[in-house]
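J.: The structure is given below, and queries will be raised subsequently.
The values are calculated or read from the model by the stated rules, or taken from the named source; none is laboratory data. Just so it is clear, the structure is predicted and the values come from calculations on it, not from any experiment. Because the Cβ atoms are built from the backbone with ideal geometry, glycine has one as well, and the counts that use them run over all protein chains shown. Remember, those area values only see protein heavy atoms, side chains included, never the ligands or the DNA or RNA. Shrake-Rupley method; radii C 1.70, N 1.55, O 1.52, S 1.80 Å.
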Amino acid sequence: MSFLLAHLSDPHIGPLPRPRRRELFGKRVTGYLNWRRGRSLSHDMGVLSQIVADVKAHHPSHVAMTGDISNIGLPAEFQLARTWLETLGGAEDVSFVPGNHDAYVRGSMPDLARAFAPWTTGERLDGAQYPYLRVRGEVALIGLSSGVPTPFFIASGRLGREQLRDAETLLLAAAKRGLARVVMIHHPPQCAAPSLGRGLTDARDFEALIRRVGAELIIHGHNHKLCTAHMEGPAGLVPVVGAPSASAVRGAPHHRAAYLLFEIAGSGRDCKIEGRARGLLPGAAMIGDLGRIPL
């Protein structure tokens, strides 16, 4: 029996709640002004509702949401985002990892951890929230957090030595159990990805990890476009797939609102994975099939 995984990313839930004056400090000031000056027009909540309806119509076995659910990391944004996540399904059926807009400033981190705890439960090491391992059928979902507070005009991510170490332990344990391993992360994790202020700063260490222990699929967001790459694993190439924003209505066709569906058949390294994209059709305001994803 196959496992159907839906992957959404970067919904940037709006409208942005009016921040309190004491919440507009540091980087949040520029983020708030950018939202008011036009970023809000790039993300349509009506289109996002259409995307969610289409996801639910396909009855996925599980939903992965890879971050940037908020805009400037306000506590009130996290409450809106929780309500939206609940429309995708129960917390046991939806997994979340944060992006750079969720970890916008250092003060966002405690509220971020509390707000999304139900969607990050699972097996973990040393009591840390990330990485976590959730087993659903023959599939192991490994959630990593690359969202860290960064200076003005920087949107990069970082995993850190401890998280990479624990991820290796969880990936090895899942392999020994014969599970198909899906790694969820917000930032594109490969070294070749654009990195000037936007990439994963320890991508080289992550690539080394995958070379040692492997994975069957790596999914991410951040770039607001559908993109595919491969990473070297111990038994062959591992597909790395990025999802567009689930709410974007501006830009080139491959930047418009969409989500991904992965059908995973079998288990472990012998599993077969097929992917398709669904989203806004070219020249239309309706959701439909955008074609197969080469893996």
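J.: Of everything in segment 68-98, what is of a type in the set (Phe, Trp, Tyr) and free of Cβ contacts under 8 Å to residues at least 60 places away in the same chain? Give them in sequence order. I'd like the intermediate steps shown before the answer.
T.: The first filter runs over segment 68-98 and keeps only residues of a type in the set (Phe, Trp, Tyr), leaving 78, 84, 96.
Result: Phe78, Phe96.
J.: Condition (residue is under 20 Å from Gly90 (Cα atoms), more than 16 Å from the chain's Cα centre (by Cα), open to solvent by 40 Å² or more (accessible area, probe 1.4 Å) and not polar (S, T, N, Q)) applied to segment 137-144: is it met by at least one residue?
T.: yes
J.: Only one of (1) under 30 Å from Ala285 (Cα atoms); (2) open to solvent by less than 20 Å² (accessible area, probe 1.4 Å); (3) in contact with a Leu (Cβ under 6 Å, 6 or more places away or on another chain) is not met by Arg256, so which one is it?
T.: That leaves (2) as the condition not met.
J.: Got a number for residues in segment 177-212 being of a type in the set (Asp, Glu) and open to solvent by less than 20 Å² (accessible area, probe 1.4 Å)?
T.: Here is the first cut: in segment 177-212, the ones of a type in the set (Asp, Glu) are 202, 205, 207.
In the following step, the residues that additionally are open to solvent by less than 20 Å² (accessible area, probe 1.4 Å) were identified as 202.
Total satisfying the criteria: 1.
J.: Small (Gly, Ala, Ser), farther than 26 Å from Asp205 by Cβ and free of Cβ contacts under 8 Å to residues at least 40 places away in the same chain: is that true of Ala128 in this structure?
T.: Spelling it out, it is not the case that Ala128 is small (Gly, Ala, Ser), farther than 26 Å from Asp205 by Cβ and free of Cβ contacts under 8 Å to residues at least 40 places away in the same chain.
J.: Given the options Ala117, Ala174, name the one that is modelled with pLDDT of 95 or more, surrounded by fewer than 16 Cβ atoms within 10 Å (Cβ to Cβ) and closer than 20 Å to Val63 by Cβ.
T.: Ala117
J.: For the condition at pLDDT 95 or above, polar (S, T, N, Q), open to solvent by 20 Å² or more (accessible area, probe 1.4 Å) and in contact with a Lys or Arg (Cβ under 8 Å, 6 or more places away or on another chain), what is the one hit in Ser42, Ser49, Ser61? Steps first, answer last, please.
T.: Values: Ser42 fails: at pLDDT 95 or above; Ser49 fails: in contact with a Lys or Arg (Cβ under 8 Å, 6 or more places away or on another chain).
Of the residues listed, the single one that is at pLDDT 95 or above, polar (S, T, N, Q), open to solvent by 20 Å² or more (accessible area, probe 1.4 Å) and in contact with a Lys or Arg (Cβ under 8 Å, 6 or more places away or on another chain) is Ser61.
J.: For the condition surrounded by 15 or more Cβ atoms within 10 Å (Cβ to Cβ) and closer than 20 Å to Ala155 by Cα, what is the one hit in Ala215, Ala248, Ala229?
T.: So the residue among Ala215, Ala248, Ala229 that is surrounded by 15 or more Cβ atoms within 10 Å (Cβ to Cβ) and closer than 20 Å to Ala155 by Cα is Ala248.
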